[in-house]
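The numbers here are math on the coordinates, done by the rules we state, and not lab data. Small disclaimer: the values here were computed from a predicted structure and weren't measured. Note that we place each Cβ from the backbone using ideal geometry, even for glycine, and neighbour counts take in every protein chain shown.
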Amino acid sequence: MRIVRPTILFLIIHFMALVPQGAAEQLQQKRLVEEAKRKILQLTEFSVLKGDGRFLFDYGAWTDFRYTRYEEDDNDSSAKDTLRETFEADNRLWLKINIKPPLGADYDNEHVAYFRLKDLNIKRFPEDGAGVYDHEGPHLDYGYAVLDLRPYRVEVGRRYFNIGRGIAYSNVNDGFKINYFRPGWNFGALASRTLPHEDNIDASVPGFTKDSDRYYFALGVGYAGIPDHQLYSYYLVQRDFSDEEPGDPAQRYTYNSDYWGLGLKGAVASHLDYWFEIIKQGGKGYVFGTNEKSKVDALAANIGAEYHWDITGKPRLAFEYAYGSGDSERTSVTDAAGGNLSGDDNNFLYFGYFPAGYALAPRLSNIHIYRVGGALQPLAKFRFCKDLMFAVDYFRYFKDKPEGGISDTEATANARDIGSEVDVTVSWQVLSDLRWSLSYGRFMPGDAFLDSANDADNYFSNSLTLTF
């Protein structure tokens with residue numbers, strides 16, 4: 001062990017020098033923005049088409065102009081920020097087709113086809129440096145069909161898939177999903193694959209950019225026999241077929257995982273919504289530096305409630321707790337480099353999304369998250385401002401294992417207190433085809449950050465969305 005430990009330490013330092021710093025944080029920030037866009041674009045997917053014909057068509061264009069500013073993303077005011085601000089123009093073109101039964105048919109099954117193209121232009125500016133331009137697209141964003149074959153429902157193609165609350169797995173993938181409905185019951189199965197040219201979640205894999213080849217398989221069952229409540233359970237398998245380019249005979253990177261999920265959600269007295277989900281993770285990975293196989297044994301949980309009042313202003317108040325287990329030997333919660341060094345890997349590594357703040361935007365790994373939030377539409381009685389909403393969220397973060405790292409690689413101190421964050425959101429549906437939103441987050445580091453990296457981190461985003 002006197003020889004092995006220093007060797008492993010050398011490998012960690014060597015690999016971390018090759019891995020882009022902040023890769024996990026940047027991925028979370030990108031996902032945060034994309035999730036906000038997805039919720040707005042859902043209106044184009046689930047709109048009801050009316051007409052007498054058998055084939056109904058709807059189409060349109062959607063454009064989002066967004067300015068984002070980052071301040072002290074590395075929590076060090078004495079160092080220049082590697083990324084200071086971005087300007088984005090995100091354009092989507094969509095087409096929806098509804099196929100209705102012929103006149104006189106004795107059934108009302110209706111099938112849907114939906115297609116959407118995406119073209120994203122980004123200009124990034126580091127501090128005191130020239131901007132970098134990036135163009136993604138045009139490419140197929142969504143392209144899927146929904147077949148109503150009651151009591152079966154079949155979805156096939158490229159679209160957003162998710163399991164449970166979307167923590168263990170949720171993403172836009174190519175896949176197939178089938179549901180079988182019985183009174184009070186819903187049985188489902190899913191198979192999907194990461195998109196071509198998608199970045200690997202493990203940024204230490206040689207050639208990780210544009211090279212993720214993961215498959216997902218899931219079975220689930222939901223019971224809604226009790227009015228206003230639903231109990232569900234699922235089993236998810238993730239299999240990693242990603243390649244290293246160039247190959248690395250000294251280290252194996254394959255990470256295979258499986259997840260058991262149990263959840264409950266519903267409403268109490270029509271004013272209180274609640275949710276609960278617990279996830280047990282197993283699987284196999286490799287010990288960094290030795291190539292020995294390691295067992296994955298991790299846990300995650302999410303519980304929350306939101307109370308809303310049916311009065312002027314539509315106020316809402318929410319409380320939420322989330323937990324993702326950690327591993328005391330890990331400095332990275334996503335990568336093989338800086339990953340598990342011996343024994344079982346207790347780090348919760350997932351392939352979905354959990355919203356946990358704008359500025360820190362941590363992954364649900366080696367962390368406890370507490371949130372108190374509220375929202376208000378103070379001008380709801382005025383027609384022009386009825387959809388103007390203000391929201392405030394307060395987050396408190398703690399490490400599960402104080403020795404281990406979190407997705408923010410600056411939190412290197414052996415301490416539980418990660419810090420706190422305040423987020424403010426303002427959104428306004430100005431017109432039916434015009435939406436404006438503003439997001440601001442300020443993260444205040446705690447004892448988990450060294451004195452050289454404990455400056456407050458600020459995030460600001462301003463966007464204007466047009467629908468044609």
- prompt: What ³J(HN,Hα) values, in whole Hz, does the Karplus curve 6.51 cos²θ - 1.76 cosθ + 1.60 give for region 453-467 when θ = phi - 60°, with x put for Gly and Pro?
  reply: 9, 10, 7, 5, 10, 10, 10, 9, 9, 10, 9, 10, 10, 10, 10
statement: Counting only DSSP loop positions in region 70-170, the chymotrypsin sites (Phe, Trp or Tyr not before Pro) whose Cβ has at most 14 other Cβ atoms within 10 Å are TYR107
Sorted by Cβ density within 10 Å, fewest first, the residues ASP141, ASP213: ASP213, ASP141
- prompt: Once phi is turned into θ = phi - 60°, what whole-Hz ³J(HN,Hα) does the Karplus curve with 6.51, -1.76 and 1.60 give for every residue of region 233-248, x standing for Gly and Pro?
  reply: 8, 8, 10, 10, 10, 10, 10, 9, 10, 5, 9, 9, 9, x, x, 10
- request: Any chance you could give the angle, 0 to 90 degrees and rounded to 10, that helix 4-18 forms with the longest Cα principal axis of the chain?
  value: 50
- prompt: Cα centroid distance between region 200-230 and region 429-448, in Å?
  reply: 27
message: With +1 assigned to the C-beta of every Lys and Arg and -1 to the C-beta of every Asp and Glu, and no other charges, what is the dipole magnitude of region 4-467 about the Cα centre in debye, to the nearest 20?
response: 1720
query: When we measure straight from the Cα of LYS399, which lysines land under 21 angstrom away, once same-chain ones fewer than 8 places off are left out?
result: LYS280
task: Report which label in (1) 21, 58, 20, 1, 0; (2) 24, 56, 20, 1; (3) 21, 47, 24, 8, 0 holds the value of P(r) over Cα pairs in 20 Å bins from 0, in percent derived from the coordinates of this structure.
output: (1)
statement: Ranked from fewest to most other Cβ atoms within 10 Å of their own Cβ, LEU379, LEU438, LEU103 fall in the order LEU103, LEU438, LEU379
task: Would you list, by chain and number, the lysines whose Cα falls below 25 Å from the Cα of LYS100, excluding same-chain residues fewer than 8 positions away?
output: LYS50, LYS177
- prompt: Sorting SER407, SER325 on the 10 Å Cβ count, fewest up front, what's the list?
  reply: SER325, SER407
- prompt: So what is the calculated 222 nm ellipticity per residue for the chain, using -39500 (n - 2.57) for each DSSP H run with n of 4 or more, over all residues, to the nearest 500 deg cm²/dmol?
  reply: -3000 deg cm²/dmol
message: Using the Karplus curve 6.51 cos²θ - 1.76 cosθ + 1.60 with θ = phi - 60°, what ³J(HN,Hα) values do you get for each residue of region 214-228, in whole Hz, with x for Gly and Pro?
response: 10, 10, 10, 9, 9, 10, x, 9, x, 10, 10, x, 9, x, 6
task: List the residues whose amide H sits under 5 Å from the amide H of SER294, counting only those 5 or more places along or on another chain, with H placed 1.01 Å from N in the peptide plane.
output: GLY285, TYR286, VAL287
message: Check which residues have an amide H placed less than 5 Å from GLU110's amide H, if you skip close sequence neighbours.
response: ASP148
- prompt: Quick one: Cα centre-to-centre distance for region 162-198 and region 279-310, in angstrom?
  reply: 19
- prompt: With the dipole of the chain worked out from charges on the C-beta (+1 for Lys and Arg, -1 for Asp and Glu) around the Cα centre, which of HIS135, PHE217, THR86 lies farthest toward the positive end?
  reply: PHE217
query: What angle, in degrees between 0 and 90 and rounded to the nearest 10, separates the Cα long axis of helix 23-46 from the longest principal axis of the Cα atoms of the chain?
result: 0
